[in-house]
Amino acid sequence: MENPFNPSFGTVPSVFLDRNLLSKRIVTELNNDNSPFQTSLIYGQRGAGKTTLMTDIANELKKDPHWQVVNLVLDDDLLESLISQLQEKLVDMKILKDFDLKIAFKGIQLDTKLSKSTIQKSFQTVFHRLLEKFTQKNVKVLITIDEVRTTSLLKKLISCYQIMLRDNLSVALLMAGLPENVSAIQNDDVLTFLLRANRITLNPLDVGSIKTSYARIFRSAGYQVEAPTLLYMTKQTMGFAYAFQLLGYLVWQTSEKQARKEITIDTVKNVLDTYVSELFRNVYHKVYHEMSMREREFVQAMVKTGQEKVKAQQIGQAMDKQPGYVSVYRRKLIDDQIIAPAGYGYVHFMLPYFGQYVEEQLIMDQF
């Protein structure tokens, strides 16, 4: 049997834990023209499953003849790519003839070889004309953009998109990004309309679902695995979506090499070094080094206490800062899904072994 876990970024794994229901709900909401989900921002830390969720939604809607999906990359060709893909879809649907024949949209000549400058100058008008063609045929367009951040081209696209909505054209927008980037976009002076957009927060996976899923997958493959082992595996993930896939993948891989069809706590412990190393390299290095200096000082102060749950007062003492100062970064790190409240006045790390990573960085900084 092939390994059912997939820790690769951006792909939809066969075990899509806790996100299947969310994906189905979003698809249902997108089919409701009055739903706030028509303009949505998927919000979560690296490895939380943003791209996977968006990919699953896009793939599901592609099966519906009343939908066309345009997946965009946030680069210098953002607007041109959108127009080009819309043109191609109109031709594929036989709504328009080959664009090489140059079809006029009230004076604007559209073909597959429109220059970048031409598209950018007349983008709003061209975008509008193309969407009109889909709307007339009762076809809705979903635009998806991953790893969003504030750029001039994104501002232009979203500003024009708002006008398309006002004109009752059939279009929806789904974007995914890191917490700090989503917040920056929503609070941009030009994009205040996005403050009313629906925010889909990817919270940690339910620990009960993780335990049940591990049990079902390994036992259905003929492995004997007891409750303490399942609980131990679950605890190592702390509900982190990427960690769930990664640990499952490594345990499955190791178990296949064993002569016995049994998974024990020792089996899990034997892959922990690799598991932690992969977390550090694939996620935490980027997360940590994208923090501001003050945010790093905050998490370093947490580690220096030597406690899993740390009181804000202790953090303030370690940073030599007043409570008001500490609370600003406490709120920021909670919003960025680095830490989480752990009882009155306490916080803890949301990501498994992240404290260990910070501790290693502190040691490295001494050399």
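The values are calculated or read from the model by the stated rules, or taken from the named source; none is laboratory data. Just so it is clear, the model here is predicted, and its values are computed rather than measured. Note: ideal-geometry Cβ built from the backbone for every residue, glycine included; neighbour counts use all protein chains shown. What goes into the accessible areas is simple: the full protein's heavy atoms, side chains included, and nothing from ligands, DNA or RNA. Shrake-Rupley method; radii C 1.70, N 1.55, O 1.52, S 1.80 Å.
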*Roughly how tilted is helix 323-335, in degrees to the nearest 10 and between 0 and 90, from the longest Cα axis of the chain?*
60
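When the gyration tensor of the chain is built from Cα positions, what are the square roots of 5 times its three eigenvalues, in whole Å, from largest to smallest?
Numbers: eigenvalues 365, 151, 56 Å².
Gyration-tensor ellipsoid for the chain: 43, 27, 17 Å.
My understanding is that a pair violates if its Cα-Cα distance is over 25 Å; which of K24/K63; K50/K257; K62/K133 do that in this structure? All intermediate terms of the calculation are to be shown ahead of the outcome.
Details: K24/K63 13 Å; K50/K257 33 Å; K62/K133 18 Å.
Too far apart for the 25 Å limit: K50/K257.
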_Pairwise label distance in nanometres, R216 with A184, each label 7 Å out on the Cα-Cβ vector_ = 3.9
*asked:* Per residue, how large is the accessible surface of the chain? Use a 1.4 angstrom probe and give square angstrom.
replied: 49
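Is the C-alpha gyration tensor of region 134-211 telling us rounded, prolate or oblate? Criteria: a/c under 1.5 is rounded; beyond that, a/b larger than b/c is prolate, otherwise oblate. Let's see the in-between values first.
Details: a/c = 2.63, a/b = 1.41, b/c = 1.87.
Taking the square roots of the gyration eigenvalues as a ≥ b ≥ c, region 134-211 is oblate.
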*Tell me which residues come under 5 Å, amide H to amide H, from L96 once H is placed; ignore anything under 5 positions away on its chain.*
V91
*Output the antiparallel fraction of DSSP beta bridges having both residues in the chain, as a percent to the nearest 5.*
25
_Whole-number D in µm²/s for region 263-367 (Stokes-Einstein; Kirkwood sum over Cα pairs; 37 °C, 0.692 mPa s)_ = 226
*asked:* If I take R0 = 45 Å and measure r between the Cβ atoms of Y344 and D167 in this structure, what FRET efficiency does the formula 1/(1 + (r/R0)^6) give, to the nearest 0.05?
replied: 0.35
*Over the chain, relative contact order from alpha-carbon pairs under 8 Å, at least 6 apart, %*: 18
*What percent do you get for the relative contact order of region 303-359 when only Cα pairs under 8 Å and 6+ apart count?*
36
*What is the spin-label model distance, in nm, from K269 to K257 if the labels are put 7 Å beyond Cα along the C-beta direction?*
1.8
*asked:* Give me the percent of accessible area attributable to carbon and sulfur for the chain, probe 1.4 angstrom.
replied: 48
*When only the heavy atoms of the protein chains count and the probe is 1.4 Å, how do E132, E360, E256 rank by accessible area, highest first?*
E256, E360, E132
